[in-house]
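One structure below.
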Amino acid sequence: MYGDRKGSKVMKINFVSSLHRSMSSWHLLTILLLLLSLQLRLALGSFTLFGPAKKAELRDQVRQMFYHAYDNYMQYAFPHDELKPLTKTFTDSLGELGNLKLERLSEQYNGSALTLVESLSSLHVLGNSSEFEKGVLWLGENLTFDVDVRVSLFECNIRLLGGLISAHLLATDLSKKSFREPYKDQLLILANDLGQRFLRAFDTPTGLPYAWINLKHGVMENETTETSTSGCGSLILEMGALSRLTGKPEYEESALRALRKLWSMRSSLDLMGTTLDVTTGEWIEHSSGIGAGVDSFYEYLIKAHILFGRDEYWDMFSSAYTAVQKYFRHGPWYHEADMRTGKATHWQLTSLQAFWPGLQILVGDVLAANSTHREFFSVWERYGVLPERYLLDRDMLHPTEKYYPLRPELAESTLFLYQATRDPWYLEVGEAIINSLNVYTRVNGGFASVRDVTTMKLEDHQHSFFLAETCKYLYLLFDDTFLVNGNYVFSTEGHPLPVTHSWHEWIPSIYMESEAFEYKRGGKHVFKSAMSSKLCPVVKVSPVQGKFWVESACHVLDKRSNHKCQSDKECGVDATTCREKRL
Ligand code: DMJ
């Protein structure tokens, strides 16, 4: 088991001693017996707590939460961008995100049905093909990007472009038989149109894209030249996928050129800053960490490697990851540091950082992931949800960032840790997250963000990522049917992109079914091939010259080209389950 329950033991000791002062010994005995029985249940293993019935019950609870959020959006906000659940109205937040001057919003702008676009892949994961199909047909007929609205390139990319591309791939996946009527690539046509509009942002002397564009007119006059590392370094999954799907290389080329330029700006310590100027290619903010403004840059390096197989992404990722672990990590926490010196600058925990353990699972760094995840969960338990920012050096909440906008990161890491370890402790974490969301954020009109974690006062906003990510990750934690038969990488917005051999640029690793190797199972030596032992899932089996060849989907490849790892360290990581292969 990876779940360390030390923290809860300490809490129990304090709990018992304070009770002792105020209660009779008879009461104390009763409580001790109760605690003992709880301890016994835990010692017997959580299998009794998390049998199939309990998992199904929690899955159904999440399904119900998703539909509470979705139905209210459809009733009160659609086709606008997001739901205001307290007043049961809407906000065209995609425009607002980028539009500091609201008067610039065109009067005809009625939103981009953002939450519907973001919900499609979740509807598919939940197995609701008819609502999925209805959404696709509506978007194909009604959605237009020819609107006079200034948007954030990053947000538009991860939410709209990613949502459209993922849903397109799911719609065309015939094996899922999700469509009753013939699908006519409606979503891909929309994605291509959006991609064309994005290209204008890349027209800079450095190739680094502007952070903001007007969807109708392109980059506006006097547009700010400041952007963030994640803003120009997390475009490659969506734009690369768009190129593969349309056959138009310009999307991937633009995103890759920007990524290479960004990487060339790293310090001699392999550290990045947080903000930069797209015209000069100079850093503006030299301090950075793994949270806001940088987070998905790291995520997209490893995920681009998984999706496209290019070694270049792995090389960038492994250097960047090593530098993070070396300069930012302090025990389970990650502080910020100056990219030039590696010296610590800010000691803060931010809610966005909670994605990091999930990323660590992708590289098989399970123990480090568990220790950080555990700390984040203890903060969740302390406040009931995760506060946006906590000052580690002063041991206090950030005075103005006490909010929790229904973010998914802790649920995301919990899912990946559970997939990697199957430790039922993570199901308990998932259950606690579900309970908190229902107790503190569920209102009659949907789910509302928390404005202040100390008072649990709510804010009138249901972010679209609650449907795209939070609900999806929690659902998959209790029912991973969707993952079992597929092999996906999730975008930073939780949109699944199938890992397919035809998108891989390297010569794929080929397994021969007959090529057996020895490994240990339950103390016995077993002779099996990588494929038949299911250590690496099959992506494609094809007959070549009369023999069956199987392509590996391992996203961290075995060290040896013949896949016969001699030690655990030489074994790769399975892309679907994120499990490290073991001897
Ligand atoms: C989402 O839009 C994405 O996960 C993004 O990468 C970070 N922030 C939000 C969720 O918190």
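The values are calculated or read from the model by the stated rules, or taken from the named source; none is laboratory data. Just so it is clear, the model here is predicted, and its values are computed rather than measured. Positions of Cβ are generated from backbone atoms using ideal geometry, with glycine treated the same way; all protein chains shown enter the neighbour counts. Accessible surface is based on the protein model in full, side chains and every heavy atom, while ligands, DNA and RNA are left aside. Shrake-Rupley method; radii C 1.70, N 1.55, O 1.52, S 1.80 Å.
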Among the residues of segment 232-242, the number that are outside any loop (DSSP other than H, G, I, E, B) and under 18 Å from Y488 (Cα atoms) is 7
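Can you pull out the residues in segment 159-179 that are more than 16 Å from the ligand (Cβ to nearest atom) and either more than 17 Å from S121 (Cα to Cα) or of a type outside the set (D, E, K, R) (or both)? Steps first, please.
Of the residues in segment 159-179, the ones more than 16 Å from the ligand (Cβ to nearest atom) are 167-179.
Result: A167, H168, L169, L170, A171, T172, L174, S175, S178, F179.
For every residue, the table says whether it meets (1) away from the ligand (no atom under 16 Å from the Cβ); (2) touching an Asp or Glu at 6+ places or on another chain (Cβ under 8 Å); (3) in contact (Cβ under 8 Å) with a residue 24 or more places away in the chain.
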site	(1), (2), (3)
G364	yes, yes, yes
A368	yes, no, yes
E375	yes, no, yes
E381	yes, no, yes
E388	no, yes, yes
D395	yes, no, no
P399	yes, no, no
Y403	no, yes, yes
L406	no, no, yes
Condition met for T204 (farther than 17 Å from H495 by Cα and in contact (Cβ under 8 Å) with a residue 24 or more places away in the chain): yes
Within segment 206-225, is even one residue under 24 Å from G289 (Cα atoms) and either part of a helix (DSSP H, G or I) or among the charged types (D, E, K, R) (or both)? no
Screening L170, L199, L187 for residues that are in a helix (DSSP H, G or I) and open to solvent by 10 Å² or more (accessible area, probe 1.4 Å) leaves only L199
Quickly run through segment 487-519 and pick out the residues that are at pLDDT below 50 and in a loop (DSSP other than H, G, I, E, B). W506, I507, P508, S509, E513, S514, E515
Subset of segment 61-79 (residues that are surrounded by fewer than 24 Cβ atoms within 10 Å (Cβ to Cβ) and either assigned to a strand (DSSP E or B) or free of Cβ contacts under 8 Å to residues at least 60 places away in the same chain (or both)): Q64, Y67, D71, M74, Q75, F78
Scan segment 442-455 and give yes if some residue there is within 16 Å of the ligand (Cβ to nearest atom), of a type in the set (V, I, T) and not in a helix (DSSP H, G or I), otherwise no. yes
Hits in segment 396-420 (condition: surrounded by fewer than 22 Cβ atoms within 10 Å (Cβ to Cβ), under 19 Å from C471 (Cα atoms) and out of contact with any strand residue (DSSP E or B) (no Cβ under 8 Å at 6 or more places or on another chain)): Q419
Those residues of segment 202-224 which are surrounded by 17 or more Cβ atoms within 10 Å (Cβ to Cβ), more than 16 Å from the ligand (Cβ to nearest atom) and closer than 16 Å to I284 by Cβ, in sequence order: T204, T206, L208, P209, Y210, W212
Could you grab me the full set of residues in segment 417-426 that are of a type in the set (A, V, I, L, M, F, W, C) and over 18 Å from the mean Cα position of the chain (by Cα)? W425
The residue from E431, E459 that alone is surrounded by fewer than 24 Cβ atoms within 10 Å (Cβ to Cβ) and within 16 Å of the ligand (Cβ to nearest atom) is E459
Taking segment 340-361 only, how many residues are under 27 Å from I306 (Cα atoms), among the aliphatic types (A, V, I, L, M) and either more than 15 Å from the ligand (Cβ to nearest atom) or more than 21 Å from the chain's Cα centre (by Cα) (or both)? 1
